[in-house]
1. Could you tell me which of the residues 60, 52 is open to solvent by less than 70 Å² (accessible area, probe 1.4 Å) and either assigned to a helix (DSSP H, G or I) or under 25 Å from residue 9 (Cα atoms) (or both)?
2. Hey, among the residues in segment 1-34 that are within 20 Å of residue 86 (Cα to Cα) and among the charged types (D, E, K, R), which one's surrounded by the most Cβ atoms within 10 Å (Cβ to Cβ)?
3. Mind listing whichever residues of segment 77-89 are open to solvent by 80 Å² or more (accessible area, probe 1.4 Å) and either within 22 Å of residue 10 (Cβ to Cβ) or at pLDDT 90 or above (or both)?
4. Return yes when residue 92 is of a type in the set (D, E, K, R), at pLDDT 55 or above and in contact with a Leu (Cβ under 9 Å, 6 or more places away or on another chain) and no when it is not.
5. Give all pairs with beta carbons closer than 7 Å in which a residue from segment 3-24 that is more than 15 Å from residue 57 (Cβ to Cβ) and charged (D, E, K, R) meets a residue that is in a loop (DSSP other than H, G, I, E, B) and open to solvent by 100 Å² or more (accessible area, probe 1.4 Å); count only pairs at least 6 apart in sequence or on separate chains.
6. Given the structure, is residue 74 at pLDDT below 85 and open to solvent by 70 Å² or more (accessible area, probe 1.4 Å)?
Amino acid sequence: PGNIVLDSPPFAFVLGEGREGERCEQCFERGTDEAPLLVCTACKCARYCGASCQKEAWKSHHKLECCISKGIAETCSQMPPHVVPEFRLLLRVALLSMSTGTTEDEGSGYLQTFADVLNMPSNTSHMHSADPQRCQGNTEISTVV
């Protein structure tokens, strides 16, 4: 049928609208009564199907989000539901982009509070000239934040 040209993991991913709490945030498996999802003991927001997914998520992205997860959840609760996955994805991309691969203890590239996210430098003027329609949507998201 064909050849695989490229097989690469995504840079960032999030659950779709309404899926938080019902699916693993790493592999997207659905939790069941027999195998309920595990909750991150630190932030109480992220959910995983097992320890291996939790460890994988910690290495790939959750260590960047864990300390600000409650602020993210509070902000998302004030947004229209259809905007939440895009907001979470944009935030995850920003956090991963800022990460320098150092440890959290070294502090380089890590945001410590949700206020740090809100104080990130803006490049709205560049975005507006490149894509005014998308800029308007991002402005609506940031207004809610």
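1. Exactly one of 60, 52 is open to solvent by less than 70 Å² (accessible area, probe 1.4 Å) and either assigned to a helix (DSSP H, G or I) or under 25 Å from residue 9 (Cα atoms) (or both), namely 60.
2. Our first condition is that a residue be within 20 Å of residue 86 (Cα to Cα); within segment 1-34, this holds for 9-28.
Retained after the next criterion (residues that are among the charged types (D, E, K, R)): 17, 19-20, 22-23, 25.
Values: 17: 13, 19: 14, 20: 18, 22: 11, 23: 19, 25: 25.
If we take residues in segment 1-34 being within 20 Å of residue 86 (Cα to Cα) and among the charged types (D, E, K, R), then 25 is surrounded by the most Cβ atoms within 10 Å (Cβ to Cβ).
3. Once the filter is applied, which keeps residues that are open to solvent by 80 Å² or more (accessible area, probe 1.4 Å) and either within 22 Å of residue 10 (Cβ to Cβ) or at pLDDT 90 or above (or both), segment 77-89 yields 82, 86.
4. When the stated conditions are applied, residue 92 passes them.
5. 17/82
6. Spelling it out, it is not the case that residue 74 is at pLDDT below 85 and open to solvent by 70 Å² or more (accessible area, probe 1.4 Å).
The values are calculated or read from the model by the stated rules, or taken from the named source; none is laboratory data. Not measured: the values here are computed from a predicted model. Quick reminder, even Gly has a Cβ in these numbers, built from the backbone with ideal geometry, and neighbours come from all protein chains shown. Calculation scope for accessible area: heavy atoms of the full protein, side chains included, ligands and nucleic acids excluded. Shrake-Rupley method; radii C 1.70, N 1.55, O 1.52, S 1.80 Å.
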